[in-house]
1. Of these, MET94, MET128, MET113, which one is at pLDDT below 75, closer than 30 Å to GLU27 by Cα and surrounded by 10 or more Cβ atoms within 10 Å (Cβ to Cβ)?
2. Return the total of residues in the stretch 71-107 being outside any loop (DSSP other than H, G, I, E, B), of a type in the set (Ser, Thr, Tyr) and touching a strand residue (DSSP E or B) at 6+ places or on another chain (Cβ under 7 Å).
3. Quick one: which of ALA35, ALA43, ALA14 is modelled with pLDDT under 90, over 25 Å from LEU87 (Cβ atoms), among the small types (Gly, Ala, Ser) and not in a strand (DSSP E or B)?
4. If you scan the stretch 131-150, which residues turn out to be in a loop (DSSP other than H, G, I, E, B) and at pLDDT 70 or above?
5. How do the pairs read when you match residues in the stretch 1-27 that are closer than 14 Å to VAL68 by Cβ with residues anywhere that are surrounded by 15 or more Cβ atoms within 10 Å (Cβ to Cβ) and of a type in the set (Lys, Arg), using Cβ under 9 Å and keeping only pairs 6 or more apart or on different chains?
6. For the stretch 34-82, name all the residues that are surrounded by fewer than 14 Cβ atoms within 10 Å (Cβ to Cβ), within 21 Å of ALA9 (Cα to Cα) and of a type in the set (Ser, Thr, Tyr).
7. Just to verify a result, which residue in the stretch 28-52, among those that are free of Cβ contacts under 8 Å to residues at least 12 places away in the same chain and in contact with a helix residue (DSSP H, G or I) (Cβ under 7 Å, 6 or more places away or on another chain), is farthest from ARG100 (Cα to Cα)?
8. Looking at the stretch 1-33, which of its residues are surrounded by fewer than 15 Cβ atoms within 10 Å (Cβ to Cβ), within 9 Å of the chain's Cα centre (by Cα) and within 20 Å of SER89 (Cβ to Cβ)?
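The values are calculated or read from the model by the stated rules, or taken from the named source; none is laboratory data. All values derive from a computational prediction rather than experimental measurement. Please note: Cβ atoms are built from the backbone with ideal geometry, for glycine as well, and neighbour counts cover all protein chains shown.
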Amino acid sequence: MGHPLTRGALLLSALTFRRPGNLRAMEWAEIDADAALWTIPAAKMKRTIHGKNNGRPHLVPLARQALVILEELRRHSGSGKYVFPSLLSAQRCMSENTIRAALRRMGYGNEDMTYDRAEFIDQRRQMMQTWADYLDKLRHGAQVIPFKAA
């Protein structure tokens, strides 16, 4: 089962598609549960120095499932700064090795966690073509599915 914070980090990683460093450094002050939004300050993003100093924050919409996980995590770390504090000091965020070690315990080695872009070039080419075709459909007036207002 693992430590609740480590388990939560792995689950949120799959739900938010954020860089591991962004996820590990997530702060409770950045989470707006009512708006279902995680606002990552520009200074924390992988950008140029100018972009870090002058850029807009990065907004990450949070699915209902992500909010449920965050609510559970609040019981463990909600009184501190970080959603995923270090197990050694709440003044720092979780170590990148914490996630790596958890994945190893689940049977994933370094070679499983490294994505060789060249290895999957045919699948990536197909994915990019499908995406481009979809955008063409939108440009030419594809059927738009209306959403009900909440």
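1. Of the residues listed, the single one that is at pLDDT below 75, closer than 30 Å to GLU27 by Cα and surrounded by 10 or more Cβ atoms within 10 Å (Cβ to Cβ) is MET113.
2. So the answer is 2.
3. ALA43
4. Pass one, the stretch 131-150, residues in a loop (DSSP other than H, G, I, E, B): 140-150.
Within the stretch 131-150, HIS140, GLY141, ILE145, PRO146, PHE147, LYS148, ALA149 qualify.
5. LEU12/ARG18
6. SER79 - this is the single residue of the stretch 34-82 that is surrounded by fewer than 14 Cβ atoms within 10 Å (Cβ to Cβ), within 21 Å of ALA9 (Cα to Cα) and of a type in the set (Ser, Thr, Tyr).
7. Ranking the candidates gives GLY51 first.
8. PRO20 - this is the single residue of the stretch 1-33 that is surrounded by fewer than 15 Cβ atoms within 10 Å (Cβ to Cβ), within 9 Å of the chain's Cα centre (by Cα) and within 20 Å of SER89 (Cβ to Cβ).
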